[in-house]
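Asks: For reference, the structure I am asking about is given below.
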Amino acid sequence: MKRVFSFKKIFFPVSLGENTNDERLKRFFISICTAMLVPVALFFGIQDLIMHRFSEGCVVLSIGIILAALTISLNRTRAYRYTIRFFVITLSLLLFYELYIGGGNGAAFLWFYIFPSSITFLLGFREGKYWIIAQVIVISIVIFGKFGHKYPADTSIRFISVYCVVSVLSSTLEVLRKRYFDQLVFEKKELEKAFDEIRVLKGMVPICSSCKKIRDDKGFWTQIESYIKTNSDVEFSHGICPECAARLFPTVGKGKTRTAKQPVETAPQDD
């Protein structure tokens, strides 16, 4: 059978049935990032090549290619976290090189602002914070070191400060998002459990027009109390309504009534 090319299956792998909802959201997030960042990386890469900055242009083009490869590979592998870690390391090394050579006329460090929110969302707060700390250490060594591109001291301090602020805010938002997501999952499970415990009668029920017995799905006629008790959580307590009480026990509550054989007693009369 001929296979039809589908852009959605390659770049938007959110229909993988074996993934959890949270993982599908993360894969969709990566797809959106790829759709936005790849054209930007290609544009700057080609611009660098035209301006004869070949090493910088190759690095930027490599970033775009890696992002596209990340999205495609996530659609074809179940090792989600290992794939994310591999590409985080690869992209970090490329950006560290850009930072070292002063790419983008010394503005290459701006690309690092993407990492805090992306890493904490994709890998979680517990693991993401270690990646962020490692990046801050390496970035500080590169921009404050006496090798590579010379960055102004005030620019370096401002960059590190803002990067730390962005990292803290991203981590806080991820913690709150995860707690809210876990709460929704918990409430969904509790609601499903409650629905499983509720037994509801549905559909048409055949009932005898005379004795009011109900025919079950096996063809047996049973009392209406037994049928409802079997198919629901209802318990019956028997009583008698006023109409039936008056019909079955007409003398109850009305005192003694005179019969035909009893003589009529009259008061004595004076002569």
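Yes/no per residue for (1) surrounded by 14 or more Cβ atoms within 10 Å (Cβ to Cβ); (2) in contact (Cβ under 8 Å) with a residue 24 or more places away in the chain; (3) not assigned by TED's automatic domain parsing to the domain that holds Val142:
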site	(1), (2), (3)
Leu173	yes, yes, no
Ser210	no, no, yes
Asp216	yes, no, yes
Ile228	yes, yes, yes
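Asks: Now for a separate question. Do we find a residue being in contact with a Leu (Cβ under 7 Å, 6 or more places away or on another chain), part of a helix (DSSP H, G or I) and assigned by TED's automatic domain parsing to the domain that holds Ile157 anywhere in the range 86-101?
Replies: Within the range 86-101 (the criterion being in contact with a Leu (Cβ under 7 Å, 6 or more places away or on another chain), part of a helix (DSSP H, G or I) and assigned by TED's automatic domain parsing to the domain that holds Ile157), the answer is yes, since at least one residue qualifies.
Asks: Let me ask something else about it. Against the definition (surrounded by fewer than 19 Cβ atoms within 10 Å (Cβ to Cβ), at pLDDT 85 or above and either under 29 Å from the mean Cα position of the chain (by Cα) or not in a loop (DSSP other than H, G, I, E, B) (or both)), how does Tyr82 come out, yes or no?
Replies: No.
Asks: In the range 214-271, what residues are under 27 Å from Asp196 (Cα atoms), assigned to a helix (DSSP H, G or I), at pLDDT 80 or above and not β-branched (Val, Ile, Thr)?
Replies: Scanning the range 214-271 gives Glu225, Ser226, Tyr227.
Asks: Go through the range 20-36 and report how many residues are touching a residue at least 40 places away in the same chain (Cβ under 8 Å) and surrounded by 16 or more Cβ atoms within 10 Å (Cβ to Cβ).
Replies: So the answer is 6.
Table: residues versus (1) charged (D, E, K, R); (2) in the same structural domain as Arg27 (by TED's automatic domain parsing); (3) within 22 Å of Ile89 (Cα to Cα).
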position	(1), (2), (3)
Leu122	no, yes, yes
Ile137	no, yes, yes
Ile141	no, yes, yes
Ala153	no, yes, no
Ile207	no, no, no
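Asks: Is it true that some residue in the range 137-159 is surrounded by 15 or more Cβ atoms within 10 Å (Cβ to Cβ), of a type in the set (Ser, Thr, Tyr) and either within 17 Å of Arg53 (Cα to Cα) or more than 34 Å from the chain's Cα centre (by Cα) (or both)?
Replies: Yes; the residues of the range 137-159 include at least one that is surrounded by 15 or more Cβ atoms within 10 Å (Cβ to Cβ), of a type in the set (Ser, Thr, Tyr) and either within 17 Å of Arg53 (Cα to Cα) or more than 34 Å from the chain's Cα centre (by Cα) (or both).
Asks: Oh, and also: Among the residues of the range 110-118, is any without any contact (Cβ under 8 Å) to a residue 60 or more places away in the chain, part of a helix (DSSP H, G or I) and farther than 29 Å from Ile32 by Cα?
Replies: no
The values are calculated or read from the model by the stated rules, or taken from the named source; none is laboratory data. Since the model is a prediction, treat every value here as computed from it, not as a measurement. Backbone-built Cβ (ideal geometry, glycine too); neighbour counts: all protein chains shown.
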